[in-house]
Amino acid sequence: MLCDVCKTNQATVFLTQIVDGKMQKVNLCEACSKEKGVTDPLSFALVDLLPGLGAEAEVEKGEPVQHCPACGFTQADFKKTGRLGCPVCYDTFAEGLGGLLKAMHRRTIHTGKVPARLKRSIELGARRKQLQHDLDKAVAEENYENAAVLRDQLRELEHTT
Amino acid sequence: MKISSLFSSNSERARNDGPHHQIVVSSRVRLARNLSGHPFPGWAKKNDRLQILELIKPPVESLPEMEGAFSSYLQELSALEKQVLVERHLISREHAAKSAGSAVVVNKEQTLSIMINEEDHLRMQVLQPGLQLRNAFQALDKVDSALETKLDYAFHPQLGYLTACPTNVGTGMRASAMVHLPGLVLSEQINQVIQAINKIGLAVRGLYGEGTEAMGNLFQISNQITLGEPEEEIIAQLNKVIERIIENEENARQILVQKRPGTLLDNIGRGFGILSHAYAMSSKEALNLLSFLKLGVDLGFFPPEKQNDIDDLITVTQPAHLQSNASQQKLTPEERDTLRAQIIREKLKAFPIPNTSKVVIPRPPTEETHHE
């Protein structure tokens with residue numbers, strides 16, 4: 001296989017990147033990869049390049065919101081720095097960030113530690129959602145006996161919070 | 001604690017007693033955290049940063065782990081002091097560039113360091129000698145849990161801990177081990193190993209992290225992914241990979257001893273010779289040669305107690321350490337190289353020449369061997 005850049009030397013460095021949900025492959029020879037700064041794995045990691053490559057394209061794409069309402073940060077700022085402005089930016093630019101996060105981390109749902117303070121409210125929130133769902137279902141099925149029980153449970157839950 | 005006593009005290013991680021310490025120099029885990037309702041440091045105005053700093057610094061200083069700690073605003077530190085902290089891996093190079101609005105708090109043992117307003121509001125790390133990723137994580141997790149009762153962390157139900165850079169979002173955790181791999185370098189297997197590590201989503205970097213060169217056959221291996229895997233799993237996976245690398249390095253060393261003793265002895269012998277007799281020595285050359293002396297100790301060519309001397313030399317010959325120990329005001333690079341060579345020569349005077357009795361020293365073919 002020949003190098004994609006110089007098309008003369010044998011490719012020895014195979015780079016795979018996921019940009020825009022599509023896999024992109026680049027094959028480089030030793031010399032060209034050195035020139036592009038990708039041979040030295042000590043200073044190079046795919047993720048380091050991502051804010052410079054995939055990030056801009058992702059966030060630019062079809063984002064209706066131009067400014068973060070909390071901090072005034074813009075997509076152009078992200079393009080420049082590869083960093084976000086404030087925690088709210090994650091919601092402001094959620095649509096564009098989704099693909100970027102997937103490319104970086106492969107997954108997009110946090111499964112690790114949760115602050116103890118939020119653990120309870122997150123659990124309660126999930127429980128409330130479930131009860132509401134069951135209640136709606138019971139009402140739809142005209143199972144009023146069950147619905148009354150669920151309604152009481154939901155009320156109790158709301159009281160405790 | 002004053003910075004002078006911090007610098008003069010030997011840090012706990014400088015003691016080489018951690019598990020697998022011959023190959024794993026140190027283990028580090030860091031967590032990135034931010035306060036909700038505040039812009040990240042890079043986007044915050046100076047006043048915001050000062051306000052955030054005063055919110056974070058008191059609870060950090062009052063942690064039980066931080067009793068008798070060294071705590072300083074960045075603007076109070078000289079460029080040299082910052083550089084010494086970088087060389088000790090207590091602050092990042094990025095943090096060293098900060099001034100008013102940022103701070104650093106380091107515990108007495110120099111195993112726990114918390115940077116305030118680096119790239120994130122909080123960057124905390126635990127550094128321990130040898131392979132102790134799990135211990136390091138548990139120690140840091142405890143600190144984090146204590147701080148979360150006092151600070152309102154920015155946390156997203158789906159995305160986890162929110163960080164300035166999307167590469168850290170989720171756990172905000174980067175775990176890494178610094179490994180010494182002269183065997184894999186000498187046997188030219190290192191590139192294969194690095195490629196394999198990269199393939200499974202781990203990063204390999206040089207001595208001072210991102211974008212730094214590998215010197216002295218030292219490599220930093222760390223996780224890249226921070227979203228979608230629990231902390232314990234990330235640590236367990238990294239640990240498994242490091243254990244495999246240790247095996248590979250040990251095998252490479254054994255094969256060198258048995259099959260290529262000439263190459264091995266030549267590198268160790270040259271390292272010893274040059275270090276013992278040079279009158280000018282750059283930090284890079286010193287580190288590269290000291291790496292082979294370290295290997296020499298590991299393989300029994302030097303007495304085991306010499307390891308401490310070598311590790312000391314590796315620390316004190318770094319540019320900022322050298323300057324801070326010098327009596328003279330400001331050394332030129334040439335003067336530093338002269339001083340470095342002198343310190344090394346002094347230390348190596350007490351070294352015996354390499355004991356080669358355990359290996360078969362290759363000899364040039366003679367008539368006798370031809371007849372055999």
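The values are calculated or read from the model by the stated rules, or taken from the named source; none is laboratory data. As the structure is a computational prediction, the values presented were derived from the model and not from experiment. For neighbour counting, all protein chains shown are included, and Cβ atoms are generated from backbone atoms with ideal geometry for every residue, glycine included.
What the table shows:
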quantity: Sole exception among (1) at pLDDT below 95; (2) within 19 Å of B:P352 (Cα to Cα); (3) surrounded by fewer than 19 Cβ atoms within 10 Å (Cβ to Cβ) for B:V257, by number; calculated: (2)
quantity: Entirely in region B:54-138, the strands (runs of 3 or more DSSP E) that have 3 or more residues that are touching a residue at least 24 places away in the same chain (Cβ under 8 Å), of a type in the set (S, T, Y) and closer than 20 Å to B:L6 by Cα; calculated: B:70-73
quantity: Selection status of B:I221, assigned by TED's automatic domain parsing to the domain that holds B:L159 and surrounded by fewer than 21 Cβ atoms within 10 Å (Cβ to Cβ); calculated: no
quantity: Among the residues listed as B:H121, B:H156, B:H180, the single one being closer than 27 Å to A:P87 by Cα and more than 8 Å from every other protein chain (Cβ to nearest Cβ); calculated: B:H121
quantity: Qualifying residue in region A:128-140 (condition: of a type in the set (V, I, T), in contact (Cβ under 8 Å) with a residue 24 or more places away in the chain and either more than 7 Å from chain B (Cβ to nearest Cβ) or in contact with a strand residue (DSSP E or B) (Cβ under 7 Å, 6 or more places away or on another chain) (or both)); calculated: no
quantity: Exclusive hit being within 12 Å of another protein chain (Cβ to nearest Cβ) and of a type in the set (D, E, K, R), set B:R174, B:R134; calculated: B:R174
quantity: Members of region A:78-120 found to be in a helix (DSSP H, G or I), within 7 Å of chain B (Cβ to nearest Cβ) and within 13 Å of the chain's Cα centre (by Cα), listed by number; calculated: A:Y90, A:L97, A:L100, A:L101, A:M104, A:H105
quantity: Matching residues in region B:85-95 - criterion: being buried (at least 21 other Cβ atoms within 10 Å of the Cβ), touching a Lys or Arg at 6+ places or on another chain (Cβ under 8 Å) and not polar (S, T, N, Q); calculated: B:I91, B:H95
quantity: Filtered residues of region B:203-215 (kept if touching a helix residue (DSSP H, G or I) at 6+ places or on another chain (Cβ under 6 Å) and buried (at least 22 other Cβ atoms within 10 Å of the Cβ)); calculated: B:V204
quantity: Residue list for region B:323-356, restricted to those being farther than 30 Å from B:L264 by Cα and aliphatic (A, V, I, L, M); calculated: B:A326, B:L331
quantity: Region B:287-337 - residue that is among the basic types (K, R) and assigned to a helix (DSSP H, G or I) and, of those, surrounded by the most Cβ atoms within 10 Å (Cβ to Cβ); calculated: B:K294
quantity: Condition check for B:F272: in contact with a Pro (Cβ under 7 Å, 6 or more places away or on another chain), modelled with pLDDT under 95 and at negative phi; calculated: no
quantity: Residue match in region B:190-210 (condition: without any contact (Cβ under 8 Å) to a residue 60 or more places away in the chain, of a type in the set (D, E) and either closer than 26 Å to B:H95 by Cα or not assigned by TED's automatic domain parsing to the domain that holds B:Y153 (or both)); calculated: yes
quantity: Filtered residue count, region B:224-238, keeping only those that are surrounded by fewer than 17 Cβ atoms within 10 Å (Cβ to Cβ) and either assigned to a helix (DSSP H, G or I) or not assigned by TED's automatic domain parsing to the domain that holds B:I197 (or both); calculated: 3
quantity: Some residue of region B:91-106 being modelled with pLDDT of 95 or more and farther than 26 Å from B:P166 by Cα; calculated: yes
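Condition check ((1) more than 14 Å from every other protein chain (Cβ to nearest Cβ); (2) under 25 Å from A:G112 (Cα atoms)) across all residues:
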site: B:V193; (1), (2): no, no
site: B:A203; (1), (2): no, yes
site: B:M215; (1), (2): no, no
site: B:T226; (1), (2): no, yes
site: B:I242; (1), (2): yes, yes
site: B:N251; (1), (2): yes, no
site: B:G269; (1), (2): yes, no
site: B:G273; (1), (2): yes, no
site: B:S282; (1), (2): yes, no
